[in-house]
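Engineer: Okay, here's the structure, questions in a sec.
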Amino acid sequence: MNGKIVLLVVGLLAGGLVGYVTRPEAAELKIGPLSVEVQGDRPAGTRGGELTTGQMQHIGLFAGIGALVGFGLGFATDRRRA
C-alpha cells in the first residue's frame, strides 16, 4: 500500500481520537423546534452520552488536521526516498 495513504489514515484516526478525548463538555437541550447547546471550558473526558453538534465539529476538525499532517508526512517521506 502507498505510504501516503497509510499515513493519511493513521493521521485521520489519531486526530479523531485526540479530538474525541479533548472534546468540550457540552449539553444540548431540544424544546420543540428550538435547540440550545451549552459548552463548558473543561474536556468531557470519557463520560458517556450522546455527542452534540459542537462536539462532532470539534472531533471532525481534529480528524481533518490529523489527516492533513499524515498526508504531509507521507509526501515528505516519499520525497526523501526519491
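Engineer: Per-residue HN-Hα couplings for the stretch 71-76, Karplus 6.51 cos²θ - 1.76 cosθ + 1.60 at θ = phi - 60°, whole Hz, x for Gly and Pro?
Structural biologist: 5, x, 5, x, 5, 5
Engineer: Compute the orientation-averaged projected area for the chain from the convex hull of its Cα atoms and round it to one decimal in nm².
Structural biologist: One quarter of the hull surface, i.e. the mean projection, equals 6.9 nm².
Engineer: Something else about it: If I take R0 = 25 Å and measure r between the Cβ atoms of GLU50 and LEU13 in this structure, what FRET efficiency does the formula 1/(1 + (r/R0)^6) give, to the nearest 0.05?
Structural biologist: Efficiency, rounded to the nearest 0.05: 0.70.
Engineer: If I model a spin label as a point 7 Å beyond the Cα along the Cα-Cβ vector, how far apart are those points for ARG42 and THR22 in nm?
Structural biologist: 1.9 nm
Engineer: Considering amide H positions built from the backbone, and no H for Pro or chain starts, which residues 5 or more places from ALA44, or on another chain, come under 5 Å of its amide H?
Structural biologist: The list, which skips near neighbours in sequence, is ARG23, GLU25.
Engineer: Here's a follow-up. If you build the convex hull over the alpha carbons only and average its shadow over all orientations, what do you get for the stretch 1-43? Give it in nm² to one decimal.
Structural biologist: 4.6 nm²
Engineer: Over the chain, with a Gaussian network built from C-alpha contacts below 10 Å, which listed residue (GLY54, GLY32, GLY64) shows the highest mean-square fluctuation?
Structural biologist: GLY32
Engineer: Using a 1.4 Å probe on the protein heavy atoms, what percent of the accessible area of the chain belongs to carbon and sulfur?
Structural biologist: After summing per-atom areas, the C and S share lands at 67 percent.
Engineer: With a probe of 1.4 Å, find how much accessible area the chain has per residue, and write the answer as a whole number in Å².
Structural biologist: Value for the chain: 73 Å² per residue.
The values are calculated or read from the model by the stated rules, or taken from the named source; none is laboratory data. All values derive from a computational prediction rather than experimental measurement. So basically every Cβ, Gly included, is an ideal-geometry build from the backbone, and we count neighbours across all protein chains shown. Ligands, DNA and RNA are excluded from the accessible area calculation, which covers all protein heavy atoms including side chains. Shrake-Rupley method; radii C 1.70, N 1.55, O 1.52, S 1.80 Å.
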